[in-house]
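Note sheet for the following structure.
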Amino acid sequence: MASDKFTRRQFVAGTTAMAGAALLPDALCGAASQDTVLNAGSNAAQSAARESVHWQALPFPIKEVRLLPGPCQDAQEANRRYMHSIPVDRLAHSFRMTAGLPSSAQPLGGWEKPDSELRGHFAGGHYLSAVALLYASTGDEDLKKQGDALVAVLADCQKEMKNGYLSAFPVEFFDRLRDRVKVWAPFYTIHKIIAGHLDMYTLAGNQQALDTAEKMAGWVDSWSTPLSYEHMQRVLGTEFGGMGEVLCNLYAVTGKRQYLGLARRFDHAQFFDPLTAHRDELKGLHVNTQIPKVIGAARRYELTGDPRYRDVAQYFWDEVTSERCYCTGGTSNDEHWGSDPGKLSKELGPETTEDCCAYNMMKLTRHLFGLAPSAHYMDYYERTLWNHRLGTIDPQDGTTMYYLPLASGYWKVFGKPFDAFWCCTGTGAEEFAKLTDTIYFHDDNSIYVNLYVASEVNWPEKKVRLRQETQFPRQQGTKLTVVAERPLSIDVAIHLRIPYWAEGGSVKVNRQVLPVFASRSSYLTLRGPWKNGDIIELSLPMGLHRHPMPDDETIQAVMYGPLVLAGKFDAVTPEMRSTGYGPQGTPFKVPEVTAKVDDVSSWVQPVSGQPLSFRAATQEQAVDLVPLNQVLQNKYAVYWKVNAAKGQVG
Ligand SMILES: [Zn+2]
């Protein structure tokens, strides 16, 4: 029997055989739903009063941002069609069975199968979050009705169970958790379900969903109250998702302080203590078990002002993004941090970088940016969005990936619509429902334009809209138009992010070049006043640059502007593309490169007349390079072995 290297696949395959075996903490990935307060709807003012710290910048409510045609809208729409296609009675099936209510629906497959110990995480959790987010992002009333219908059925199930418990698996799973007998991740699943309901309340106005969420929190309280601190800490050895975060959010929404106290029971001392001391003891840990704990810490700081929690979140983010992330912004290899800080060159495999980890790191980034809006956070966010998120959803059927492989020669694998429901299916469904949530932030008198994505933001308090038209990244820049409802001048400053990768740049207002610009990784501030029809044109030239491994610069990725480029090789079969969690089979043998190690232009050249197309000269053949997010059906290479050309040292 595997011990502390027990993987998720083994868990799924061996659940029955392992029942009763000693429980070990190495379970599953976590994810957390959309932060409630940051995107609160009609209750925003009440919730804001419960924030204990000053947000220097806040995101616009999702409902005030709309995507315009482009790659983000394509991804959103694929996700939306997929969410529409999942019938409510199939989602509700295992909940009804658990509650003793009849159901003749065909059960869902994958991790929602009736014998999966994680059942319910998507069906009653991520799905509701995705629906709520899509409703806020698009105004899709039909989808909201599906979400409302599911909330109603689940409320019936909860009522049937009488004590506030709501799950698609029996409450006995929590006996096993308490007794430290092997079980998958019960609180992880409960987190998703509470978060889904809270999102349906805050983003889609479903009052019944808040009632259900509060009753669930009441059950969590009654379950955990008899446990000693030490016993609860042992329970926290089993993956528990974003329980701390969602209970903080429940306090923020309701003002009931008991939820803040309940959230604190999910403070995992063994994980937080080294971070408080600024020690990186992350090696060996299951990555996505940890990131949601840190999001919870950030949220706790925001609601209590206790600086220890901010320190934990800040140190963790700095350490992971600087020492443990790859060129795509992703982190983890086979779901773990397997090495010391900065040692990544030997940490490449077919299962490098789980998608949930990228989702959660982006989510954490939004918190830190709001507290101190520095461009380097959004540089990271953009890198992860364009390379690790876009390109991991199938534009046809909305299915998503589990891992983004970074070892050379592998390929992308997508889940099946009704037979996957992995953790990453869930976070993917949320990710592509909330592409609107970070493009723009604001403070009292200014707008931050963080991301170059075709979209429009409405700021009702200022009676102004900003319309962003761009084909970025095919277009190296963007155009913003001020749309004002009234002829008065609009006294708002506009901060434009100048990315870390910009090779110079310029800005025009109403076709006049301004004699100002800003340095890389900062914001260029244009002060108003503005009037209806004013046009800002921002030019951000891209160039080729390399992204070497921190511990071996001869292993390097090639980037163009924000984009990771991938060498494109043989096409894979539909079977290879939809089998397993990650690629199974032989990778393409990617040729090595002989060139100047520190000069990517010595071996990669743009193809003239074809935007975002490049050609690499390797030892054996010329290879076409395109953005990684465009490779959907081919074997590919992101990291290359670059050997020094003759006469060059190193
Ligand atoms: Zn995952």
The long-range amide H neighbours of Trp530, using H built 1.01 Å from N in the peptide plane and a cut-off of under 5 Å, are Ile490, Asp491, Val492
In Å², rounded to a whole number, the accessible area per residue of the chain with probe 1.4 Å is 35
Of every hundred units of 1.4 Å-probe accessible area on the stretch 532-602, the number belonging to carbon and sulfur atoms, as a percent, is 49
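Compute the FRET efficiency between Ser322 and Ala152 as 1/(1 + (r/R0)^6), taking r as their Cβ-Cβ distance and R0 = 30 Å, and round to the nearest 0.05. Please report the intermediate quantities before stating the final value.
Details: r = 47 Å, r/R0 = 1.56.
Using R0 = 30 Å, I get an efficiency of 0.05.
Listed here are the pairs Lys182/Lys215; Lys568/Lys596; Lys144/Lys479; Lys256/Lys293; Lys63/Lys343; which of them are more than 31 Å apart at the Cα? Before the final figure, lay out each step's value.
Details: Lys182/Lys215 27 Å; Lys568/Lys596 22 Å; Lys144/Lys479 33 Å; Lys256/Lys293 21 Å; Lys63/Lys343 42 Å.
Pairs exceeding 31 Å: Lys144/Lys479; Lys63/Lys343.
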From the Cα centre of the stretch 166-219 to that of the stretch 135-165, the distance in Å is 13
For the stretch 218-261, the percent of accessible surface on carbon and sulfur atoms (probe 1.4 angstrom, ligands and nucleic acids excluded) is 54
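Kyte-Doolittle cut-off -0.5, length cut-off 15 Å along the helix's own axis using Cα: show which whole DSSP H helices in the chain pass.
Taking the DSSP H segments of the chain (at least 15 Å long, mean hydropathy at least -0.5), we get 88-99, 127-138, 141-161, 186-204, 243-254, 287-304, 355-371.
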Checking rank on 607-619, 558-570, with mean other Cβ inside 10 Å and highest first, the result is 558-570, 607-619
Going residue by residue through the stretch 107-119, the Karplus relation 6.51 cos²θ - 1.76 cosθ + 1.60 with θ = phi - 60° gives ³J(HN,Hα) values, rounded to whole Hz and with x marking Gly or Pro, of x, 6, x, x, 7, 9, 4, x, 10, 7, 6, 9, 4
In this structure, the FRET efficiency calculated for Asp599 and Leu514 from their beta-carbon separation, with R0 = 22 Å, to the nearest 0.05, is 0.10
In terms of the alpha carbon gyration tensor, root eigenvalues a ≥ b ≥ c, rounded if a/c is under 1.5 and otherwise prolate when a/b exceeds b/c or oblate, the stretch 521-650 is oblate
Measuring from its Cα centre, the stretch 514-618 shows a charge dipole (+1 at each Lys and Arg Cβ, -1 at each Asp and Glu Cβ) which, in debye to the nearest 20, is 340
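Hey, what number do you get for the chain at 222 nm if only DSSP H runs of n ≥ 4 count, each worth -39500 (n - 2.57), divided across all residues, to the nearest 500? Don't jump to the answer; show the numbers that get you there.
On the way: 19 runs with 229 residues, N = 650.
The helix-only estimate for the chain comes to -11000 deg cm²/dmol at 222 nm.
Going by average Cβ density within 10 Å per residue, which order do the peptides 129-135, 348-354, 101-107, 276-282 take, highest to lowest? Please list the in-between numbers first.
Details: 129-135: 30.4, 348-354: 23.4, 101-107: 12.6, 276-282: 14.3.
So the peptides 129-135, 348-354, 101-107, 276-282, ranked by packing, come out 129-135, 348-354, 276-282, 101-107.
Assuming R0 = 22 Å, can you tell me the calculated FRET efficiency for the pair Gln610 and Leu68, based on Cβ-Cβ distance, to the nearest 0.05? Before the final figure, lay out the partial values.
Working: r = 25 Å, r/R0 = 1.11.
Calculated transfer efficiency: 0.35.
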Placing each pseudo-label 7 Å from Cα in the direction of the beta carbon, Ser104 and Glu281 end up separated by a distance in nanometres of 5.7
Surrounding charge for Thr384, neighbours by C-beta under 12 angstrom, Lys/Arg +1, Asp/Glu -1, total 0
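Using a 10 Å cut-off on Cβ atoms, rank the peptides 411-417, 431-437 from the highest mean neighbour count down. Walk me through the intermediate numbers first.
On the way: 411-417: 21.1, 431-437: 27.6.
Packing proxy ranking, top to bottom: 431-437, 411-417.
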Sorted by chain and then number, the residues having a modelled amide H within less than 5 Å of the amide H of Trp640, at least 5 places away or on another chain, are Gln556, Ala557
Rounded to whole angstrom, the alpha-carbon centroid of the stretch 338-355 lies from that of the stretch 483-503 at a distance of 39
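The values are calculated or read from the model by the stated rules, or taken from the named source; none is laboratory data. Treat the numbers as computed from the prediction; the structure is a model and nothing was measured. Neighbour counts run over all protein chains shown; Cβ positions are idealised from the backbone, glycine included. Ligands, DNA and RNA are stripped out before the accessible areas are found, and what is left, the full protein with its side chains, is counted by its heavy atoms. Shrake-Rupley method; radii C 1.70, N 1.55, O 1.52, S 1.80 Å.
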